[in-house]
Amino acid sequence: MARTKSHGSVVGKVVAITGGARGIGRATAEAFLAADAKVAIGDLDAELVAKTAAELGAKPGTQVVGFPLNVTDERSFANFLDDAEAELGPLDVLVNNAGIMPTGLFADESVEMTDRIIDINLRGVVTGARLATGRFAARGSGHLINIASLAGVSGFPGVATYCASKHAVVGFTEALHRELAGHGVGVTAVLPGVVRTELSAGANTPRWMEAVTTVDPEDVARAIVGAVGRKRPLVTVPRRLGSTLKVMSVLPYRARRVAERVTGADSAYTAPDSKAREAYHRRLTGGGS
Ligand code: NAD
């Protein structure tokens with residue numbers, strides 16, 4: 001990966017990343033390491049997180065550790081941060097990244113899956129926030145970064161509960177940002193559009209929309225590293241998505257819905273490539289993460 005421009009603010013900092021075994025979490029670990037930070041990754045997939053840490057740590061001069069983590073279990077989360085601090089030093093940054101996105105109509109979603117989405121995508125973020133900001137506030141410094149989504153500011157059919165969880169993360173982040181602004185603690189939500197990872201595989205994103213919304217995990221990682229130490233509550237990736245959202249928000253509701261239907265934005269998750277989604281859903285329902 002190209003070396004990320006070293007922000008004075010992250011050199012030597014201790015960064016913990018949830019869901020760091022693959023996808024955006026892995027790319028984020030790589031970007032922080034390239035900017036000379038020290039990184040702990042945690043993931044439900046214990047085998048893969050150990051492998052990922054070993055791969056990232058193979059580069060001379062990098063300090064990275066990997067631990068098993070279940071963000072829905074407060075004890076597991078606290079142990080993860082304790083282990084990270086024992087290995088690397090006091091925590092400076094937590095990236096609440098772990099998340100899941102099963103696709104399908106809400107009417108077909110089991111109660112268990114609904115609970116799981118809320119537990120991982122929202123409760124996990126709130127738990128991480130509580131554990132990390134307690135440590136940050138005691139020292140008067142630190143930055144919490146919550147990975148939300150474009151689905152946190154708009155509603156997409158086919159991912160209703162996911163949208164609910166991400167809207168909640170955006171609201172939670174904005175409130176916490178304001179609560180902690182006077183205490184030297186930064187709080188930011190990063191809102192990616194569509195990112196090329198297993199989570200979004202098979203999304204039936206219309207071509208026009210792809211150009212505006214679709215990025216690589218490395219693009220999100222760069223934005224996350226760049227957000228540390230800055231006072232912005234919300235960061236969209238790609239950045240141009242922010243302007244698109246502003247334009248859309250001034251359109252009357254009905255005009256927006258018509259535009260989305262006509263352009264095919266409505267069916268990105270209601271009519272995805274089912275074969276491509278199958279592997280991801282198998283990972284989720286097979287007791288995996
Ligand atoms: P991914 O599936 O590639 O990686 C997510 C990682 O989280 C996996 O390694 C998984 O094992 C881990 N995880 C799941 N449940 C966990 C738990 N309970 N405890 C600990 N780890 C757990 O997904 P990704 O695309 O890299 O997504 C990362 C984040 O970015 C998510 O919050 C997602 O909602 C968000 N996001 C993704 C996209 C996209 O298009 N890919 C867009 C916007 C936002």
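Side notes on the structure shown:
- Cβ separations smaller than 8 Å between residues 6+ apart or across chains give the following pairs from segment 210-237 residues that are in a helix (DSSP H, G or I) and within 14 Å of the ligand (Cβ to nearest atom) to residues that are charged (D, E, K, R) and at pLDDT 95 or above: PRO217/ARG26; PRO217/ARG196; GLU218/GLU30; ALA221/GLU30.
- Failed item in (1) part of a helix (DSSP H, G or I); (2) more than 14 Å from the ligand (Cβ to nearest atom); (3) surrounded by fewer than 16 Cβ atoms within 10 Å (Cβ to Cβ), with ASP115 passing the rest: (2)
- Among residues of segment 142-182, those that are buried (at least 19 other Cβ atoms within 10 Å of the Cβ), polar (S, T, N, Q) and not in a helix (DSSP H, G or I), counted: 2
- The residues of segment 22-39 that are within 15 Å of the ligand (Cβ to nearest atom) and among the charged types (D, E, K, R), listed by number, are ARG22, ARG26, GLU30.
- Just one of the numbered conditions (1) hydrophobic (A, V, I, L, M, F, W, C); (2) under 27 Å from GLY186 (Cα atoms); (3) within 13 Å of the ligand (Cβ to nearest atom) is not true of VAL159: (2).
- Enumeration of residues in segment 183-201 that are within 11 Å of the ligand (Cβ to nearest atom), in a loop (DSSP other than H, G, I, E, B) and not hydroxyl-bearing (Ser, Thr, Tyr): GLY193, ARG196, ALA201
The values are calculated or read from the model by the stated rules, or taken from the named source; none is laboratory data. Predicted model only: the values in this text are computed from it and were never measured. Note that we place each Cβ from the backbone using ideal geometry, even for glycine, and neighbour counts take in every protein chain shown.
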